[in-house]
Amino acid sequence: MTDTQKTLWSDEDGVIAIYEHHAYRNVIGNDTLFMTPGVHYFKTLKPDTKIITAYELLNKKLPFHVLTNVLTNPETLASEHISDKIEWTHEQMPFIDINTQFSAIQIPKYKFAQSLLGRPLCKKDILVSDFNNDLIPWENAGGCGVKYLNGLNSEESFSGYKIYPDWTPEDIEKFILTL
């Protein structure tokens, strides 16, 4: 049996970028704010500096990758979302290599990670996300899911590991390293 190196993966929206509930509701005509072309919603999000600081500490110790989902249609809006997320991430997380540690994807996170790693996920492959639809498939594929409690989601909805709102960046770093 080979000793697999621990890897760390993070969702963007709701974790490193603060989730704005109103953007996903019908607030402009028949469309949601994040689906309105030209608004550049993803370019204007506030960073969650606590988790970003923890990731900066962890980036020196573990292979680290940001995974963020983008739309497939309409193609023009998908292109806008991708470029906005790249620019935002580059600005907020200058400590990562945007070309190798950031991926805007249109497939489930676990499938992308397996493809990038060239192997199935294992418990040393850790995904931090606020979204159960990322975490549960990740765990079902063999990885370790960690729910980021961002103040808008429910602690009770996920039975696995959690990062709590009152933790410091150092608490988060220590927790991830002990998994």
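The values are calculated or read from the model by the stated rules, or taken from the named source; none is laboratory data. The shown structure was predicted, so the numbers you read here are calculated from the model rather than taken from an experiment. When we count neighbours, we look across all protein chains shown, and the Cβ atoms used for this are built from the backbone with ideal geometry, even at glycine. Heads up: the accessible areas ignore ligands, DNA and RNA and are worked out on the full protein's heavy atoms, side chains in. Shrake-Rupley method; radii C 1.70, N 1.55, O 1.52, S 1.80 Å.
Here are the numbers:
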{"item": "Residue tally, condition more than 22 Å from Ile176 (Cα to Cα) and touching a Lys or Arg at 6+ places or on another chain (Cβ under 9 Å), over segment 92-111", "result": "2"}
{"item": "Considering residues of segment 141-157 that are in contact (Cβ under 8 Å) with a residue 12 or more places away in the chain and farther than 20 Å from Pro63 by Cβ only, the residue nearest to the chain's Cα centre (by Cα)", "result": "Lys147"}
{"item": "Residue that is nearest to Asp13 (Cα to Cα), among those in segment 149-159 that are open to solvent by less than 50 Å² (accessible area, probe 1.4 Å) and not hydroxyl-bearing (Ser, Thr, Tyr)", "result": "Asn150"}
{"item": "Matching residues, segment 77-126, being open to solvent by 60 Å² or more (accessible area, probe 1.4 Å), touching a residue at least 40 places away in the same chain (Cβ under 8 Å) and part of a helix (DSSP H, G or I)", "result": "Glu87, Leu116"}
{"item": "Selection from segment 127-140 of residues that are surrounded by 15 or more Cβ atoms within 10 Å (Cβ to Cβ) and either among the charged types (D, E, K, R) or free of Cβ contacts under 8 Å to residues at least 24 places away in the same chain (or both)", "result": "Asp130, Asp134, Ile136, Glu139"}
{"item": "Complete set of residues in segment 5-16 that are at pLDDT below 95 and in contact with a helix residue (DSSP H, G or I) (Cβ under 9 Å, 6 or more places away or on another chain)", "result": "Asp13"}
{"item": "Residue under evaluation Ala23, criteria (1) modelled with pLDDT under 75; (2) farther than 25 Å from Pro169 by Cβ; (3) open to solvent by 70 Å² or more (accessible area, probe 1.4 Å), criterion not met", "result": "(3)"}
{"item": "Counted residues, segment 160-179 - those being surrounded by 12 or more Cβ atoms within 10 Å (Cβ to Cβ) and either outside any helix (DSSP H, G or I) or of a type in the set (S, T, N, Q) (or both)", "result": "7"}
{"item": "The one condition in (1) in a loop (DSSP other than H, G, I, E, B); (2) of a type outside the set (A, V, I, L, M); (3) closer than 21 Å to Tyr19 by Cα; (4) touching a Phe, Trp or Tyr at 6+ places or on another chain (Cβ under 9 Å) that Thr68 fails to fulfil", "result": "(1)"}
